[in-house]
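See structure below.
A short reminder: the numbers here are calculations on the coordinates, not readings from a lab. Keep in mind the model is a prediction, meaning the values are calculated, not measured. Here the Cβ positions follow ideal geometry from the backbone for every residue, glycine too, while neighbour counts run over all protein chains shown.
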Amino acid sequence: MTVQPKDESAPSRPTAGRANRPQPGQDWSQWPTYDAAALGFRNYWYPVVWEREIGDKPHAVTLLGEKIVLVRKGDVVHALHDRCPHRGVPLSLGRREFPGTVSCPYHGWTFDVTNGKLAAVLTDGPESPICGRVSVKTYPTAQRLGLVWVFVGDDQPHPIEQDIPAELLDNDHVLGGKYDIREGNWRFAAENGFDEGHAKYLHNTALWRLFKVMPAWNKTRVEEHGPWLIRVQDEVHWDAHFPGLGTFTNKRWWKRMPLPDAPGKGKNVNPVIAGLNLPGFVSIRLPGLLRVAYPDFIHYEWYVPVDADRVRYVQIMVRFEDGPKGLLFKAKYLAAIRWLFHGQFTAQDAWMVDVMDAPPEKLYRPDLSITGWRRMIEKAAPTPQPHKAPPNGC
Ligand code: FES
C-alpha cells in the first residue's frame, strides 16, 4: 500500500464521517475545543515544504483552510494570501517580472513579496493611482530543519523555537523526511498517531516490523511532561491467551527480542535520547506533533491541517550524530527507512484514517490515549477562532 502525494487543489474523495464534524443530535459537548478545531489550532508555527522546493516559481499551499503562496526572495521564503485583490485570481499562477515581486497573471498587478504591498500595475502604467493603496495579507515565515514554516493565526507570532522540540534545536543531528497530502481530518491522523492499541495489530504486517517483535497488549497510562503527553507502559504482554479461541502473539522465530520499556534504557542508547528521560516511546503535543523515540533515533510527525478533510503529513527521522555516523544514518534513511517507515508503515495509518467513519464511537480501555489527548487539548488549547478569510486589500 502506498500513499500517493496529492495535489492539494484536487477535491477530497467523499467519505462518510471523514470531516469529524458534529452531526445534528450528537452530543459532542465533552470536547468542545477539540471538536471545534476541524481546521486546526491557529496561532502556531507549522512546517509546510522543504526549503529546497521553493525556487523562482510561486508555490501554492493550503493551511488551515487558507490559500497561501510561497515565494522566494534570495535566501528567504515569504508567504502571501494566494488571491489577487483585483479579481480574485491566485497569485501562485503569476510570474516574477521584477526581483522581489510576484505579478498576477491576469492584469499584472505586481506585489512586493516582503510586505504584500501593490508595487506596480503593469497594465496601468507607472502612474497608476491604485499603487500603494492595496495590499495582500502576508504570513510570518521561518526556515528551520530544512523546512519552511508558516505562522497561521491572528496574534503576533511567538518565537518559532516554542513550537519545535528543544532537542532538535540544541543538538547536532542529521535528518531525513518526506511529506504527503493525505485524506482525512488532521484530528483523525493525530489520534491515530497517539493511539495505544493499533500498532500491535495493524502494523504487525509492516515490513518495518519484520524482524522486531511487537507486544500483544499493554496496560498503559498517559502522563503530561511540559508540553508533551506521553504514553507510559505499566505492563507489557507478549502473548495473549483467549480461552476457547487460542493465542495471539506477534512473536515469530525470526524476530528480534523486544525493545526495552522506555527509549532511554538498554544498550547503545544515544546520549541525547537518554538525556530526555522519556518514560515512554510515544509523545504528542500541540498543535499536532507526534514524537516516537527509539534508543538511537527519533521519528517526528506533524499533522498540518490543509482543510477539514485533508492533512499535510510531515515526517522526519532524526539521528543525533554528526560526522561519519550521521552520514551512515542518512544513507540508511534514503536506502531503507524512507520506504519502510515513512512509506509502507505510515501508509497503513493513512489507510485507516481514510476509511474511518466516526463518530459515533465506542471506546475501549487502550483508548485512554485518545481521551487523554483530547482532555489535554481542552485544558491547554486556545478556543479555535472561526476561520476568517484574509483581507483582499485595503
Ligand atoms: Fe489579478 Fe486582475 S485579477 S490583476
Taking the beta-carbon count within 10 Å as an exposure proxy, list 377, 284 from fewest neighbours to most. 377, 284
So for 297, 98, fewest C-beta neighbours within 10 Å to most, what's the order? 98, 297
Taking a crude spin-label model, label points 7 Å out from Cα along the C-beta direction, the residue 274 to residue 379 distance in nm is 3.1 nm
Per the 1/(1 + (r/R0)^6) rule, R0 = 51 Å and r from the Cβ atoms of residue 122 and residue 245, FRET efficiency to 0.05 is 0.10
May I ask which of 67/212; 57/325; 332/379; 137/178 have a Cα-Cα span longer than 32 Å here? 67/212; 57/325; 332/379
Would you mind putting 347-354, 245-252 in packing order, based on average other-beta-carbon counts within 10 Å, highest first? 347-354, 245-252
Hits in the stretch 279-302: amide N under 11 Å from the 7 Å Cα→Cβ extension of residue 33, namely 286
List the residues, sorted by chain then number, that are 5 or more residues from residue 184 or on another chain and whose placed amide H is less than 5 Å from its amide H. 310, 311
For 56, 367, 163, what ranking results if the residue with the fewest other Cβ atoms within 10 Å of its Cβ goes first? 56, 367, 163
Let me understand the stretch 28-184 better: what is its radius of gyration from the alpha carbons, and its Dmax, in angstrom? 17.6, 59
If you find the alpha carbon centre of the stretch 262-321 and of the stretch 123-181, how far apart are they in angstrom? 23 Å
Please give the peptides 229-240, 122-133 ranked by average Cβ packing (other Cβ atoms within 10 Å per residue), highest first, as a rough proxy for protection. 229-240, 122-133
Length gained if residue 225 through residue 267 is fully extended, taking 0.36 nm per residue and subtracting the Cα-Cα distance, is 12.6 nm
Taking each pair of distinct Cα atoms in the chain once, what is the resulting Kirkwood hydrodynamic radius in Å? 22.7 Å
